[in-house]
Amino acid sequence: MPEYRKVCKVDEVPLGEARMYVVDGLMLGIFHTVDGYFALDNRCPHAGASLAGGFLEENTIRCRIHHWRFCVRDGTYLDEDKPRFNARAFPVRVVGDDVLVEF
């Protein structure tokens, strides 16, 4: 059964930015947009680069190496209709000052 686990505090990820956290060996990118907080597997499905180290533009993260674009809401690869390149997305809740991610 899935459970929500605390990953960080809301003030650790400023609006318009992203941070990477490791939870049980999984590198997780936390993205803060005007629409809220979102979580993706931090590894770009194409070449493994850090998505949290990429360029966040509204609800799109662009990989810093090859500039592939992904929706931070659901991990959809935006440059082509190739679902095999979608990033894994995780549900997020904010409870008080904590950012919780469902695993």
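The values are calculated or read from the model by the stated rules, or taken from the named source; none is laboratory data. Predicted, not measured: the structure shown is a model, and the values here were computed from it. With ideal geometry, Cβ positions are generated from the backbone for all residues, glycine too; neighbour counts draw on all protein chains shown.
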Output for the stretch 11-58, where each listed residue is part of a strand (DSSP E or B) and either among the aliphatic types (A, V, I, L, M) or in contact with a Ser or Thr (Cβ under 6 Å, 6 or more places away or on another chain) (or both) = Ala18, Met20, Val22, Val23, Leu26, Met27, Leu28, Ile30, Ala39, Leu40, Leu56
Filtered residues of the stretch 83-103 (kept if in a loop (DSSP other than H, G, I, E, B) and either surrounded by 12 or more Cβ atoms within 10 Å (Cβ to Cβ) or at pLDDT below 95 (or both)) | Asn86, Ala87, Arg88, Pro91, Phe103
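Okay, residues lined up against (1) within 20 Å of Ile65 (Cα to Cα); (2) surrounded by 12 or more Cβ atoms within 10 Å (Cβ to Cβ); (3) hydroxyl-bearing (Ser, Thr, Tyr):
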{"site": "Glu3", "(1), (2), (3)": "no, no, no"}
{"site": "Glu12", "(1), (2), (3)": "no, yes, no"}
{"site": "Arg19", "(1), (2), (3)": "yes, yes, no"}
{"site": "Tyr37", "(1), (2), (3)": "no, yes, yes"}
{"site": "Ala47", "(1), (2), (3)": "yes, no, no"}
Restricted to the stretch 9-37 and to residues being in contact with a Lys or Arg (Cβ under 7 Å, 6 or more places away or on another chain) and under 12 Å from Leu100 (Cα atoms), the residue modelled with the lowest pLDDT is Val23
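Might you let me know whether the stretch 60-82 holds any residue that is part of a strand (DSSP E or B) and within 21 Å of Glu12 (Cβ to Cβ)? Show your work before the answer.
Of the residues in the stretch 60-82, the ones part of a strand (DSSP E or B) are 60-62, 69-71, 77.
Adding the requirement that they be within 21 Å of Glu12 (Cβ to Cβ) leaves 61.
Yes, the stretch 60-82 has at least one match.
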State all residues of the stretch 1-10 that are of a type in the set (A, V, I, L, M, F, W, C) and part of a loop (DSSP other than H, G, I, E, B); if no residue qualifies, say none.
-> Met1
Looking only at the stretch 50-77, which residues are surrounded by 16 or more Cβ atoms within 10 Å (Cβ to Cβ) and hydrophobic (A, V, I, L, M, F, W, C)?
-> Leu51, Ala52, Leu56, Ile61, Cys63, Trp68, Phe70, Cys71, Val72
